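The values are calculated or read from the model by the stated rules, or taken from the named source; none is laboratory data. Note that this is a predicted model, so its numbers are computed, not measured. Glycine also receives a Cβ, built like all others from the backbone with ideal geometry; neighbour counts cover every protein chain displayed.
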Amino acid sequence: MQRTRRTSGQNAPSCKIVIDTSTDPQYISNSIASSSISSLDSQKAASTLTSPSRSRASGKTSTITSPSRSRTSSKTTIISSPSRSRTSSKTTIISSPSRSRTSSKTTTISSPSRSRATYNITSPSRSRASSKTSISSSSPRRARSSTSKSTSRSTKSIRNSSLQDYDIGEELGRGAFGVTYKGYNKLVNKEVAIKTIDVNKSVEKNVKLDDIESEVDILMTLSSYPDCYKYIACYYDSFRDHFNGADTIFIVSEFVDGLSLDAYLKTASLRAEEDEDEDVFDTDELVDLFSQLTSGINHIHTLGFAHRDLKPDNILITKDGVIKIIDFGLSCLKKCDVSACFDTCKGTAGTLMYMSPEYVTRTQQQTLDGAKANDIWSLGVVMYNLANGYDQFPFDIYNSRTGRDYDYNEQAEQIKKAPKYDSQHSDPNINTIVDALLINKWINRPNISQVIDILNENK
């Protein structure tokens, strides 16, 4: 069967779903600063990628196809991947940023120490009457394990800051319940990303304020000033105020000047096609990206959380090549008090193309361990994208018989049987790393510590 790819102008099924809404926190909106790259994405990665196997009419003048790859896998079990033909006639040359290659590999990967910020963002104390609810002041807490004896919040996460402390700039993106803006903290002269959540719209869609506070609390635990974690966008502040006449919750975080990993990969794929490179990223670049991603997930899992919506759109990459994981609106954890522990990892949440087979079939374990296993699958699909190119997946995404992309239900059927394809990078060690994560049965999938060991053994 010939492997096909979708043009970038065609959207994959990416509906976020939440099954069992009575127990699963509602998806609030796009993550903090997740939209900060949307303007750059549209400017830097607007060209299309098409597949030679598709027979579609197109009025576009610039066509990029996936590079031809014909190689023999070094694995004992070879799943044959059809060759990809290269089209050399292009009428438009697409320029992309130069690569920042990493020439030296690290020897070990572990949970890195936290990178402390050099600036100081504080929430000034204010003595004034307020009609706001849930605004008791609290300082960001240091990262702690959510499985300790008690993780119940004695104080609320929404703080007593004010919109007057910030200038609101350009719109960066729009979500289901509000808008993310580029902002400026006037107290410390610092650019920030400000996510706004319309309280009334959230309530109308059955989103509880406790759910919003839970997302904030997760961010405060994972990466908050002054204990900003390097591979997670840093949380600074949150407060409730009125904005454009609406009761609004504001979540302030690190402004990431860069691209989403999706746009970064798309641009790199176009560049590789122009340069007729065999791979989109070479081994050193991939090992560097893999190392950062696994370190970030290790940090999340070690503190007792699961992300549950890991995908290239929820990963940013700075101009210096540093990964920042964002969007914890669907995250879950294990909570304990003096009498018992319980998981908040009920239901099915995520984005279809990066959802594990057991989440698609709704047969996953309704526990934190089950959610972590889903994260490992999602991480494996992201790594597969990076190793093989934009819009390449370990399963079919295009129906050659009908000449169109699979719809949601058809795509779900393909994922249930995944993986269908092995990774096809020119470095067999890279393929070993990627394929080790893409195990259909979740119980046989490695945990994040084992993933780190696999990466160290094969880089």
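Name every residue in segment 265-310 that is assigned to a helix (DSSP H, G or I), among the acidic types (D, E) and either touching an Asp or Glu at 6+ places or on another chain (Cβ under 7 Å) or modelled with pLDDT of 95 or more (or both), in order of residue number. D284, E285, D288, listed by residue number.
Go through the residues of segment 249-261 one by one and say whether even a single one is touching a Ser or Thr at 6+ places or on another chain (Cβ under 6 Å), among the polar types (S, T, N, Q) and touching a residue at least 60 places away in the same chain (Cβ under 8 Å). Checking segment 249-261: not a single residue is touching a Ser or Thr at 6+ places or on another chain (Cβ under 6 Å), among the polar types (S, T, N, Q) and touching a residue at least 60 places away in the same chain (Cβ under 8 Å). Restricting attention to segment 172-191 and to residues that are more than 16 Å from D327 (Cα to Cα) and in contact (Cβ under 8 Å) with a residue 60 or more places away in the chain, the residue that is surrounded by the most Cβ atoms within 10 Å (Cβ to Cβ) turns out to be G183. In this structure, Q365 does not qualify as surrounded by 16 or more Cβ atoms within 10 Å (Cβ to Cβ), closer than 30 Å to E278 by Cβ and either of a type in the set (S, T, N, Q) or modelled with pLDDT of 95 or more (or both). Note on segment 333-367: residues that are hydrophobic (A, V, I, L, M, F, W, C), farther than 20 Å from N314 by Cα and either in contact with a His (Cβ under 8 Å, 6 or more places away or on another chain) or in contact (Cβ under 8 Å) with a residue 60 or more places away in the chain (or both) amount to 3. For segment 288-312, the set of residues classified as among the polar types (S, T, N, Q) and more than 21 Å from K346 (Cα to Cα) consists of S291, Q292, T294, S295, N298, listed by residue number. When we screen S202, S161, S214 for residues that are under 18 Å from R240 (Cβ atoms), out of contact with any Phe, Trp or Tyr (no Cβ under 9 Å at 6 or more places or on another chain) and at pLDDT below 95, the only hit is S214. From the set of residues in segment 223-242 that are at pLDDT below 90 and part of a strand (DSSP E or B), which is surrounded by the most Cβ atoms within 10 Å (Cβ to Cβ)? Applying the filter and picking the extreme gives S224. Within segment 251-261, is even one residue among the hydrophobic types (A, V, I, L, M, F, W, C), modelled with pLDDT of 90 or more, buried (at least 18 other Cβ atoms within 10 Å of the Cβ) and within 23 Å of N431 (Cα to Cα)? Yes, segment 251-261 contains at least one residue that is among the hydrophobic types (A, V, I, L, M, F, W, C), modelled with pLDDT of 90 or more, buried (at least 18 other Cβ atoms within 10 Å of the Cβ) and within 23 Å of N431 (Cα to Cα).
Candidates S339, S378: the one that is at negative phi, assigned to a loop (DSSP other than H, G, I, E, B) and not aliphatic (A, V, I, L, M) is S339. Annotation note: of Y384, Y390, Y421, the sole residue that is under 24 Å from E273 (Cβ atoms), in contact (Cβ under 8 Å) with a residue 40 or more places away in the chain, not in a loop (DSSP other than H, G, I, E, B) and not β-branched (V, I, T) is Y384. Among residues of segment 385-398 being within 10 Å of A418 (Cβ to Cβ) and in contact with a Pro (Cβ under 7 Å, 6 or more places away or on another chain), the one that is surrounded by the fewest Cβ atoms within 10 Å (Cβ to Cβ) is F395.
Filtered by the rule that a residue be surrounded by 13 or more Cβ atoms within 10 Å (Cβ to Cβ) and touching a residue at least 60 places away in the same chain (Cβ under 8 Å), segment 409-418 gives Q411, A412, I415, A418.
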